[in-house]
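The values are calculated or read from the model by the stated rules, or taken from the named source; none is laboratory data. Predicted model only: the values in this text are computed from it and were never measured. Reconstructed Cβ throughout: ideal geometry from the backbone, glycine too, with neighbour counts over all protein chains shown.
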Amino acid sequence: MSTKTKTQATGARTGADRGTDGSRPATNVPAAAVGRESGGRVFLSKLGSAFAMFRNRKSVAGLAILAFFVLIAIFADVLAPFSPTQVDNTARFQPPSAEHWLGTTHIGEDVLSQVIHGTRGVVVVGFLAALIATTIAITVGVISGYVSGWKSEGLSALTNVFLVIPGLPLIIIVAAMFEDPPLWVIAAVLGLIGWAWGARVLRAQTMSLRNRDFIQAARANGEPLRRIITIEMLPNLMALIAASFVGTVTAAILGLTTLSYIGVIPVTTYNWGTILNWASAQGAFQQNQWWWYLPPGLCIAIIGVALSLINFGIDEYVNPRLRSAGERARAMKKKGLDVNEPVTAVRPEMDGLAAHPTPAPADKGTE
Amino acid sequence: MTGVQPQLAELDTDALEVGTTATSADGGRARVPWRYLGRRAAFYLFTLWAAITINFFLRRMMKGDAVSQYLSRNRNVSPEAADALRTLLGLDSDKSLLEQYLDYWVLLAQGDLGISLLHGLRPVTEVVSGALPWTIGLVGVATIFSFAIGTVGGAVVGWRRGSRADALIPITTFLSTIPYFWLGLLAIAVFSVNLGWFPIGKAYGVGMRPGWNAEFIGQVLHHGALPIATIVVASLGGWMLGMRNMMLTVLDEDYITVAQAKGMPNQRVLWGYAARNAVLPQIQSFALSIGFIVGGSIVMEMVFSYPGIGKLLLDATNAKDYALMQGVFLVITISVLVANILADIVYAFLDPRTRQAGV
């Protein structure tokens, strides 16, 4: 643990690629396992440190909420009090009651059961799309970061094309081509559209790793490319991979519910977007039938919050300054100091730089 | 370094001359960054080609036949007229794929995007250009608001790290995880239906005649207020979080310490030094997120039934009007590319390194 925190700090300090790789400020992952001791214990500890980004309060809270929804999705049949499509003409537009906890729809379907069953589609599509997207992102990102020359540039250009082309209109047009697209097709399309961001971030990080000493040493030892990438590099990319996975799940869930709401996806498979589609079409928003339109929207928001909590945790692990800045400022405040007070910020060894007042001398890159 | 010059538009150089003279005052030997601009120009041309090619193949992959659909709705069209329609829409498959592809490029070069079956056989370009100003106006204003508020807010939150302002970050993030269409529908339910402050959807009142008079402009502003407000609320979080995270990194840099040690006023350190550097990645993510913003506008236009280009696309999709769908997609892609080029120019302005890369 102690070595990990140390490398973390140095990892964030180097910052060589910050200016050039683009908009994500923190692409420096600790070079956790520089030494090459042998034995399974080392592998286990490597595996442990590969998932260290989840060991903080924010990530754990997010993972707990996510696990809750996954459990609901798995046990939907047991949990739902009614079938989501069970019509009851005697109970239309009913507000919440003891029998129908979240009221009923325009044809007497139980909203709670619809929400519970709707979880399934959202969770399945979210994870499947993110799996596809992350696989492509790792392949393209790591290869284009590791190789050099026109191959690298070409893959990078491909990534940027996918970043620039507007995704949602393309999905709408592609989805319109299918008469009745099954869920896995939707997931595949969402995944194929959503991989570019992750690939871009991974490429930048791989490029900065490529020239680090431990990779150079592995290459000098004559290790095969496969081993260099899987054993030496991937553990150091785990935090970014996790972050891009979580980001894609969020995007896929928003994409799925939006497409369902628009009505591009058939309304026969229930998910939270479809419920909102029906609610909107039946005028629930105009007639204040809040029990119909609030729960599915809140569920999307809560799962979104859970995913961004996980990402906050990963961000703070990757870039410790995000966490320490606030803590340090609060600690100083307790002592009666202000973090923005110039006097407290003076460091004696900084004299030489004072003659350099140009606005942007920082993150100079490697030139 | 010289081979790329012909690709540059004159406009770019104008904007950059201004930027370079600004730094030459600092004493730096700055030049126009031909290399950087050339690479960007090549990239945009490549993307444009890719988008147009995707567009071409989309039509070939489509199953249904727009003309049959149209005929089933309009019985009084003669078979000859139907054949002519197919030719116009590029649906006749006598030619080889390559020939079709070349024809497609020729038609594009002439500015011919085909005709829209949905809108009474009017040219697609005409239909699209009628809808485009609404989208660009509304989404543009909303995006600029959101970017400005988020970036300034993020700078302040980053500067006051550890204070109560930190709470803004989770709040705005929560707002941006809410699906946009739901937020829009809620806003309509609360502000239009229950409170009656704003009209429900549309760009202007029924029976209004578009024109440059005070009444019409007032109507447009009144109708646009709710969509703009919801877009700003939904997208604020991303800008604020990005700027705040970058500020925390920049504030740790030595030149900030030096600036403060020199006794420079805090306001100047904050805006002239810290925010000035932290905003650069923001501009880059701005360029990259334009595609998402445009995608979001489709949903906005559906929720508010706003007569923009997104509504056009959805209507075209429902009616299987392929020519219109493709035209809209092409126009959306080109708008995104133009916005990206603008963001690149702004970036070259703000970041002296892109200008001095060749020195």
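Residues to consider are B:D321, B:D315; find the one that is crowded, with 22+ Cβ neighbours inside 10 Å, more than 9 Å from chain A (Cβ to nearest Cβ), under 23 Å from B:K202 (Cβ atoms) and of a type outside the set (A, V, I, L, M). Break it down into steps so the answer makes sense when it comes.
On the way: B:D315 fails: crowded, with 22+ Cβ neighbours inside 10 Å.
It is B:D321.
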Please report, ordered by residue number, the helices (runs of 4 or more DSSP H) entirely within segment B:243-327 with at least 3 residues that are under 18 Å from the mean Cα position of the chain (by Cα) and not assigned by TED's automatic domain parsing to the domain that holds B:Y44.
B:276-303, B:309-319
With the requirement that a residue be closer than 16 Å to A:V318 by Cβ and either touching a Cys at 6+ places or on another chain (Cβ under 6 Å) or within 12 Å of another protein chain (Cβ to nearest Cβ) (or both), what does segment A:186-203 give you?
A:W197, A:R200, A:V201
Against the definition (surrounded by 14 or more Cβ atoms within 10 Å (Cβ to Cβ) and either within 30 Å of B:D321 (Cβ to Cβ) or among the charged types (D, E, K, R) (or both)), how does B:G154 come out, yes or no?
no
Suppose the filter is touching a helix residue (DSSP H, G or I) at 6+ places or on another chain (Cβ under 9 Å), within 11 Å of chain A (Cβ to nearest Cβ) and in contact (Cβ under 8 Å) with a residue 12 or more places away in the chain; does B:V346 pass it?
no
Is there a residue in segment B:282-292 that is surrounded by fewer than 24 Cβ atoms within 10 Å (Cβ to Cβ), more than 10 Å from chain A (Cβ to nearest Cβ) and of a type outside the set (G, A, S)?
no
Of the criteria (1) within 7 Å of chain A (Cβ to nearest Cβ); (2) within 28 Å of B:W105 (Cα to Cα), which one B:G272 fails
(2)
Kindly indicate whether B:A203 is more than 9 Å from every other protein chain (Cβ to nearest Cβ) and at pLDDT 75 or above.
no
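Of all the residues that make up segment B:289-312, how many are closer than 16 Å to B:Q326 by Cα and either touching a residue at least 60 places away in the same chain (Cβ under 8 Å) or among the small types (G, A, S) (or both)?
Of segment B:289-312, the ones closer than 16 Å to B:Q326 by Cα are B:294-295, B:298, B:308-312.
After this cut, where a residue has to be either touching a residue at least 60 places away in the same chain (Cβ under 8 Å) or among the small types (G, A, S) (or both) as well, the list is B:294-295, B:308-312.
Here the count works out to 7.
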When segment A:83-97 is checked residue by residue, the ones that are of a type outside the set (G, A, S) and closer than 17 Å to A:N271 by Cβ are A:P84, A:T85
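Listed here are the residues, each with its yes/no results for (1) surrounded by fewer than 14 Cβ atoms within 10 Å (Cβ to Cβ); (2) modelled with pLDDT of 80 or more; (3) not in a helix (DSSP H, G or I).
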position	(1), (2), (3)
B:T87	yes, no, no
B:D94	yes, no, yes
B:L118	no, no, yes
B:S129	yes, yes, no
B:V139	no, yes, no
B:S146	no, yes, no
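Please count how many residues of segment A:128-176 are among the charged types (D, E, K, R) and in contact with a Lys or Arg (Cβ under 9 Å, 6 or more places away or on another chain). Steps first, answer last, please.
So the first thing to find is which residues in segment A:128-176 are among the charged types (D, E, K, R), and the list is A:151, A:153.
This time we only want the ones that are in contact with a Lys or Arg (Cβ under 9 Å, 6 or more places away or on another chain), so: none.
Residues flagged as among the charged types (D, E, K, R) and in contact with a Lys or Arg (Cβ under 9 Å, 6 or more places away or on another chain) within segment A:128-176 amount to 0.
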Flag for A:S144 being closer than 30 Å to A:R212 by Cβ and part of a loop (DSSP other than H, G, I, E, B):
no
Test set (1) within 9 Å of chain B (Cβ to nearest Cβ); (2) among the aromatic types (F, W, Y); (3) farther than 18 Å from B:A234 by Cβ - A:W272 fails condition number:
(3)
Out of A:W101, A:W150, I need the residue that is under 30 Å from A:P235 (Cβ atoms) and surrounded by fewer than 22 Cβ atoms within 10 Å (Cβ to Cβ). Which one?
A:W150
